[in-house]
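Okay, structure first, notes after.
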Amino acid sequence: MDLKPAHVVEAAGGIPYRWTKDSRSLAALCDSCTVSSSPSSENRSSVGRQDVPYASDAPKHKRKAPSLAPSQYAEYDAFQGLEVCLVHRPKYDDWSWPKGKLEANESSRHAAVREIEEECGIPIRLGPWLGEKEYGLEKEGQKSKHAKGSNSASDSGLVKHISYWMATPISKSQSERRATVFGPVIPAKTSEIDEVRWMSVSKARKKLSHSLDRDILDRFVARVREGALNMRTLIIVRHGKAESRKHWDGTDANRPITPKGASASFALSKEIACFCPTRLVSSPWLRCIQTIEPYSCRTGMPVTKAEELTEEAFAQAPDGAWNRVCQEIEAMFESPREADDDHAPTTGTSDVADLLVQEPLAKKQQLVELCGSATIVCTHRPVIGGLFEHIRTLCGSTSLSKQLVAKTPYMPTANAVALFIVDGPQGPRIIDIQRTAPLVY
């Protein structure tokens, strides 16, 4: 029998989630999760747990997201305050997670954000990676059972490969601010999605039509147990390709990026928009400012200049850059989340308060809390190498820390690394790392 080469159809989606109880119960859940999942300070850098996730763009055979046995769900009465969003597809008469195929010149990350908003009507930012599934395309919508792994056997040779993320609702103002960078989002037709429903984790597990979707839900719950509901995102960006020192007659601080570097920086802004950053911090040197400028200019967000992040400052006082990054991490956890007026619940709007749950205005801050915050830090190659040395100590396992390259150049120009951080008993801890590259076409 001749074997047909498989054609892979790439798709992406995620699990939108919200919190429906008061802030005290949310804080209690977050505390219990971080306590139960945090390694001790002595063993943090050497723990090798099997459920620790890898970067989403790691080789497929190395990708792994945490999972949870279905029998463990009975333990989590506190999860009654947590709801996830499912969609109904009339064509297949099934309930599943919002997802869809990648468009031309689109990354999986961007497709996940776009598809979730198109199908659920909810603007979101991406959180930790949940994993990937694949199945034969002719089995789309068919209810099937499987033991472990993928269900990718295909008679036609066509395979659908789907990547999933946690998805946190953002406010109306945040969505409008990033629209010029992210691009248009067109609501799905009712022939594609005719019902969107929020429900508890336990009810969702019963409602989901497919075992593969229940697997992703198990991984979502495992992420929650890692502390993901109280997660913040730090995005480290290496500046775009700059003019060579050999051919530049000006000062190093004023050395600009090349046209190639400019195009990559422009394309990168579309990818980092998926994390909806709330703060931009950069080395004041021109090549870093020009790298982050496409996002800053189109969103109207200011750039905070940090002298500690320059190559010169790093050479004189290497710990200065790390101390500045530590300040940014602490600020993300200590400062109130964005308290825009549009966070107040108002009937008939698509604001975050409505997306999460209708509550009295007194609980506004609690509603926003799940949105978290994301900070971009744009800096230079030598500085990134020094930062990575410190950041590895925050990783929950050696497997995760290996996602941060230890050899120069550490990451390509105009690339980024997103670090998903929770605040545990021993301080900040990284639960996921995602590398981000621009798509230049």
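The values are calculated or read from the model by the stated rules, or taken from the named source; none is laboratory data. Quick caveat: nothing in here was measured; it's all calculated off a predicted structure. Cβ placement follows ideal geometry from the backbone for every residue including glycine, while neighbour counts extend to all protein chains displayed.
So here's what we get for this one:
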{"read-out": "Long-range neighbours under 9 Å by Cβ, at least six apart or interchain, first residue surrounded by 23 or more Cβ atoms within 10 Å (Cβ to Cβ) within the range 109-120, second of a type in the set (S, T, N, Q) and assigned to a helix (DSSP H, G or I)", "value": "Glu117/Ser175"}
{"read-out": "Selection within the range 173-217 - under 30 Å from Gly136 (Cβ atoms) and among the hydrophobic types (A, V, I, L, M, F, W, C)", "value": "Val185, Ile186, Ala188, Ile193, Val196, Met199, Val201, Ala204, Leu208, Leu212, Ile216, Leu217"}
{"read-out": "Ile391 in contact with a strand residue (DSSP E or B) (Cβ under 6 Å, 6 or more places away or on another chain) and either under 20 Å from Arg223 (Cβ atoms) or at pLDDT 95 or above (or both)", "value": "no"}
{"read-out": "Strands (runs of 3 or more DSSP E) contained entirely in the range 226-336, each with at least 2 residues that are within 21 Å of the chain's Cα centre (by Cα) and crowded, with 20+ Cβ neighbours inside 10 Å", "value": "231-238, 279-282"}
{"read-out": "The one condition in (1) farther than 24 Å from Met231 by Cβ; (2) among the aliphatic types (A, V, I, L, M); (3) in a helix (DSSP H, G or I) that Ala104 fails to fulfil", "value": "(3)"}
{"read-out": "Residue match in the range 217-224 (condition: of a type in the set (A, V, I, L, M, F, W, C), part of a helix (DSSP H, G or I), in contact (Cβ under 8 Å) with a residue 40 or more places away in the chain and closer than 23 Å to Glu118 by Cα)", "value": "yes"}
{"read-out": "Selection count, the range 384-436, where residues are more than 19 Å from Arg232 (Cβ to Cβ) and surrounded by 17 or more Cβ atoms within 10 Å (Cβ to Cβ)", "value": "10"}
{"read-out": "Test for Asp213: is it surrounded by fewer than 22 Cβ atoms within 10 Å (Cβ to Cβ) and of a type in the set (Asp, Glu)", "value": "no"}
{"read-out": "Residue that is nearest to Cys120 (Cα to Cα) [pool: residues in the range 189-204 that are part of a loop (DSSP other than H, G, I, E, B) and either among the acidic types (Asp, Glu) or touching an Asp or Glu at 6+ places or on another chain (Cβ under 8 Å) (or both)]", "value": "Ile193"}
{"read-out": "Test: residue in the range 340-361 that is at pLDDT 95 or above and part of a helix (DSSP H, G or I)", "value": "no"}
{"read-out": "Selected residue [in contact with a strand residue (DSSP E or B) (Cβ under 6 Å, 6 or more places away or on another chain) and either of a type in the set (Gly, Ala, Ser) or at pLDDT 95 or above (or both)] from Lys189, Lys207", "value": "Lys207"}
{"read-out": "Residue in the range 152-166 that is surrounded by fewer than 15 Cβ atoms within 10 Å (Cβ to Cβ), out of contact with any helix residue (DSSP H, G or I) (no Cβ under 8 Å at 6 or more places or on another chain) and in a loop (DSSP other than H, G, I, E, B) present", "value": "yes"}
